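What follows is calculated from the coordinates using simple rules that are stated; it is not laboratory data. Keep in mind that what you see is a predicted model, and the values were worked out from it rather than measured. No Cβ is skipped: glycine too gets one built from the backbone with ideal geometry, and neighbour counts run over all protein chains shown.
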Ligand SMILES: C[S@@+](CC[C@H](N)C(=O)[O-])C[C@H]1O[C@@H](n2cnc3c(N)ncnc32)[C@H](O)[C@@H]1O
């Protein structure tokens, strides 16, 4: 996934990527529904000496239209059943200012991941396919859409060969 030249500000899931983006100089707003995830990300940000606007919130209740962003990033949103997933994706899209870039599912899983045993839920309906994403962002310009296998190292139970999908799409405008 190419991140060079990413516009700012950026909204991403809490944790490592959030802090990494802030360290690159991006103005980052991040949300997660778990207090421990936010606390861990806050500690990481403090250790790296970067500032992130963290929010503890349920994504189902997130006000996507509160502020326009230049980019919105979703990383491993695998907890949502299909209808909720569609709502999140619609929210992410409308949070973007026209011409903004949608960076969705940086390293999200595709359904064959279920057989790999290296992380993610057992339900393939919580995964994403290239075809599904192409359909959901039909009104956007797709800059990158790629289904691929790669080694991941995200700790116990989340390491090894994984089946992933990346999408980068730009909102017209
Ligand atoms: C697999 S983790 C990915 C975390 C992070 N994006 C990353 O890549 O390191 C999924 C995250 O989704 C969060 N989550 C689950 N349900 C949520 C909800 N309804 N609202 C907000 N966050 C939620 C969990 O707390 C967890 O931190």
Next on the checklist: With a cut-off of 8 Å between alpha carbons and a minimum separation of six or more residues, what is the relative contact order of the chain in percent?
Outcome noted: 19 percent
Checklist entry - Please state the relative contact order of segment 24-103 as a whole percent: Cα pairs under 8 Å, 6+ residues apart? => result 30 percent
Checklist entry - At a Förster distance of 30 Å, what's the computed FRET efficiency of residue 97 paired with residue 47, Cβ-Cβ distance as r, to 0.05? => result 0.40
Item to check | Theoretical gain in end-to-end length, residue 55 to residue 27 [0.36 nm per residue, Cα-Cα removed] | outcome: 8.7 nm
Next on the checklist: Could you tell me what a quarter of the Cα convex hull surface of the chain works out to, in nm² with one decimal place?
Outcome noted: 9.3 nm²
Item to check | Scattering profile of segment 87-164 at q = 0.15 Å⁻¹ [log10 I(q)/I(0), Debye over alpha-carbon scatterers] | outcome: -0.58
Next on the checklist: Quick check on the chain: of the DSSP beta bridges with both residues there, what percent are antiparallel, nearest 5%?
Outcome noted: 55 percent
